[in-house]
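Below you'll find the structure I mean.
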Amino acid sequence: MATVSVSRTVTAPESTVRDAITDVGPFMRAAGFDEVIVEGDEIRLTNRVGIAELQLTLGILDLDDAVLAYEQRDGMFESMRTVYRLESIDATTVRVEATTDFALDVSLVGDLLDSTVVSRQRRRELDAQFDYLETLGE
């Protein structure tokens, strides 16, 4: 199991950041995915990484301590879960943390991808989402 964790302090009220994250379509598009489809509690993503096209179907989870959480229902991972948490620092500042835990299904990805490549890509996606959140305070 590999873990990618990113955190950032965002200058915006917690409610504004929460609303942006729970507006799942735009928030997932901010990560740079090539295609995002949200239907009910399901998210379908398509992303091109190098020569590979990755398709994931994610299910949104209801976790008490998370503003957004989802896990893979179908895709290249043996397992994958991402959880976003918020911590209010003051009225206009919030700390956002996202953690993705994943295990690759080697039979599906073979030699094309390894956990280092996936971790690097996932960090870029989370950073892009946090960049999007930083625009909320502007």
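No value in this document is a laboratory result; all are computed from the given coordinates. Note that the structure is a prediction, hence the values are computed from the model and not measured. No Cβ is skipped: glycine too gets one built from the backbone with ideal geometry, and neighbour counts run over all protein chains shown.
May I ask which residue of LEU58, VAL117, THR93 lies farthest towards the positive end of the charge dipole of segment 1-117, with charges of +1 (Lys, Arg) and -1 (Asp, Glu) on Cβ and the Cα centre as origin?
With unit charges placed on the Cβ atoms, the residue in question is THR93.
Mind pulling the angle between the C-alpha long axis of helix 115-134 and the longest principal axis of the chain? Nearest 10 degrees, somewhere in 0 to 90.
Once rounded, the angle reads 30 degrees.
Mind putting a number on the dipole of the chain about its Cα centre? Charges go on the C-beta only, +1 for Lys and Arg and -1 for Asp and Glu, and I need it in Debye to the nearest 20.
Computed about the Cα centre, the dipole is about 360 debye.
Continuing with the same structure: Arranged by the count of other C-beta atoms within 10 angstrom, fewest first, what order do THR135, THR16 take?
THR135, THR16
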